[in-house]
Amino acid sequence: MSDLSGPEITSIVSPRLRQARQLAKRAMRGRARAFLAEGPQAVGEALAGGTTVSQVLITAVARQRHPALVEQARQGGAQIHTVSGEIMAELAQTITPQGVLAVCAFVDVPLARLVTGSPRLLVLLANVRDPGNAGTVLRTADAAGADGVIFCGASVDPYNSKCVRASAGSIFHLPIAVGVPVAEAVTAVRSAGALVLAADGRTGRLLGEMERHLAAPTAWLFGNEAWGLPSDVLRLADDAVAVPIYGRAESLNLAVAAAVCLYASARAQREGGAAQQSGQGAKV
């Protein structure tokens, strides 16, 4: 294992650094089944969540700021390398790097595993292309207590650096499945007992009209930022739901709409569970 007291690595031609740099490309990530987590929060979440972290690259300044993180990485068996600030700037995908990068193993799971165990709340992203939106939805799903997120069709790579940063560590908290055809994902979650609701502002019932149904296991289907869900995908859902807009805004950002829908389900499921525990079952 590399020792942090060893000499600082200052050359980008170092084989280890070159391999890490290549992970900025999707094809190389897929080949290595590895990606970069950037910043102390993301690296800490990766280590705490049991994700395989093979390397930690850290500047001398960051080493002094985050000794507990370094010790956690050491105990986890990661190879720890000190790098110069110039090298960190070359490797990082942010304008102002925080001085810590980790090479992490992919965390996605097969679809069959994700839907095992009667999930209560799931997210299906159908051709969502913006990594910031996708990462924010992943973070929101985590906060709302979702059981997993499925990246369907031509959706963005969840290991894209911007997506990982936008998830704020949530990529290490809940199961994700990647590259699943939309129809296959819908079939799988429905077979697991979930009601499939398509979020679509152009059609469908308003969210408030669906509240009494949201206590049931639910899979929310969200579409592309620009064109939403095409008609063939909408037909796969059990129902279409629109988030009401009371002001003059034309529409809501995808991540904002997802937050509204997911928290509506989370609230309904928790209120429904509390009612069942207190013996106040729903009246028919």
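The values are calculated or read from the model by the stated rules, or taken from the named source; none is laboratory data. Everything numeric in this text was worked out from a predicted model, so none of it was measured. Ideal geometry is used to build each Cβ from the backbone, glycine not excepted, and the neighbour counts take in all protein chains shown.
Does residue 51 count as within 26 Å of residue 157 (Cα to Cα), in contact with a Phe, Trp or Tyr (Cβ under 8 Å, 6 or more places away or on another chain) and at pLDDT below 95? Please lay out each step first, then the result.
On the way: within 26 Å of residue 157 (Cα to Cα): yes; in contact with a Phe, Trp or Tyr (Cβ under 8 Å, 6 or more places away or on another chain): yes; at pLDDT below 95: yes.
Yes: the conditions hold for residue 51.
Screening residue 67 against (1) free of Cβ contacts under 8 Å to residues at least 12 places away in the same chain; (2) in the same structural domain as residue 265 (by TED's automatic domain parsing) leaves a single unmet condition, (2). Residues that are touching a helix residue (DSSP H, G or I) at 6+ places or on another chain (Cβ under 8 Å), within 18 Å of residue 143 (Cα to Cα) and at pLDDT 95 or above occur in region 221-229; there is at least one. From the list 242, 194, the one residue that fits, being under 23 Å from residue 153 (Cα atoms), at pLDDT 95 or above and not β-branched (Val, Ile, Thr), is 194.
Among the residues of region 197-226, which ones are in a strand (DSSP E or B) and surrounded by 23 or more Cβ atoms within 10 Å (Cβ to Cβ)?
In the first step, residues of region 197-226 are kept if they are in a strand (DSSP E or B); the result is 197-199, 205-206, 218-222, 224.
Result: 197, 198, 199, 218, 219, 220, 221, 222.
Looking at 89, 78, 143 in this structure, which one is surrounded by 16 or more Cβ atoms within 10 Å (Cβ to Cβ) and of a type in the set (Gly, Ala, Ser)?
The conditions single out 78.
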